[in-house]
Amino acid sequence: MTKGMKILTIEDPKEEKILREKSTSVQEKELKNKEFQQFLDDLLQTAIESEEPAGGLASPQVGILKRVFYILNYDTDKWELFINPIVEPVGFKKKAIAEACLSIPNREGKVERNYRVKVKYIDRYGNRKTKKYEDLNAISIQHENDHLEGILFTDKILEE
Ligand code: CO
């Protein structure tokens, strides 16, 4: 049984404080833990069930400060999980689109991101992966990865 979790927002100062913290890496032995696997399912359920359609959700957004996030892949329409991701730019091309965030209700703003990224991460079974993404998927990954550092998109909004 999966359960949706409460999504923290900056509207509550206590919740904002958590959203501003840096998350810690997942230990490989944690992946064998049933509760941790359940948490991964619950986090996905939370993303799927969110009131506003979500393009991604990071673990600190439900108050769990671990280096875990999901994105909804725009090309495949499937959710993808990233654990302990390391995100690197590929090339110099940038793209700016209006972003939004479940943790920052009623706010949108243009942010410039790398157009292509490479991500190294582990999957839920501990397998090491490296994948390249571009365009909206790359932007989602950078947005979610920022959450793991306590960075919110509103920190990066371009001056119009
Ligand atoms: Co967000």
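Please treat every number below as a calculation from the coordinates, not as lab data. Since the model is a prediction, treat every value here as computed from it, not as a measurement. Note that each Cβ is placed from the backbone with ideal geometry, even for glycine, and that neighbours are counted across all protein chains shown.
Structural remarks
- Contour excess over end-to-end distance, with Cα ends at residue 127 and residue 14 and 0.36 nm allotted per residue: 37.1 nm
- For the stretch 65-79 versus the stretch 19-57, the gap between their alpha-carbon centres in whole angstrom: 10
- Length gained when the stretch residue 50-residue 86 is fully extended (0.36 nm per residue, less Cα-Cα span): 10.3 nm
- Across the cross-link table entries 32/110; 94/129; 14/118; 29/110; 3/110, which are compared at the Cα atoms, the separations over 29 Å belong to 32/110; 14/118; 29/110; 3/110.
- With 0.36 nm allotted per residue and the present C-alpha distance subtracted, the residue 24-residue 6 stretch has 4.5 nm of extension available.
- Neighbour counts of other Cβ atoms within 10 Å put 124, 116, 67 in the fewest-to-most order 124, 116, 67.
- Straight-line reach from residue 17: taking Cα to Cα under 19 Å and skipping same-chain neighbours fewer than 8 places apart, the lysines in range are 6, 66, 156.
- For the chain, the Cα-based Rg and Dmax, in that order, read 14.9, 48 Å.
- Every helix of 4 or more DSSP H residues in the chain counts as -39500 (n - 2.57), and over all residues that averages to -7000 deg cm²/dmol at 222 nm.
- Per-residue Karplus couplings for the stretch 125-138, computed as 6.51 cos²θ - 1.76 cosθ + 1.60 with θ equal to phi - 60°, are listed in order as 9, x, 6, 7, 10, 9, 9, 10, 9, 9, 6, 4, 5, 5 Hz, Gly and Pro entered as x.
- Order by protection proxy (mean Cβ within 10 Å, highest first), peptides 136-143, 151-158, 99-106: 136-143, 99-106, 151-158
- Here 36, 69 are placed in order of increasing Cβ neighbour count within 10 Å, fewest first, which gives 36, 69.
- 5 angstrom amide H check on residue 96, placed H, neighbours 5+ away: 113
- Selection from 125, 151, 96 lying farthest towards where the dipole of the stretch 89-157 points positive, charges on Cβ: 125
- Once backbone amide H atoms are built at 1.01 Å from N, residue 110 has 99, 158 as its partners under 5 Å, excluding neighbours fewer than 5 places away on the same chain.
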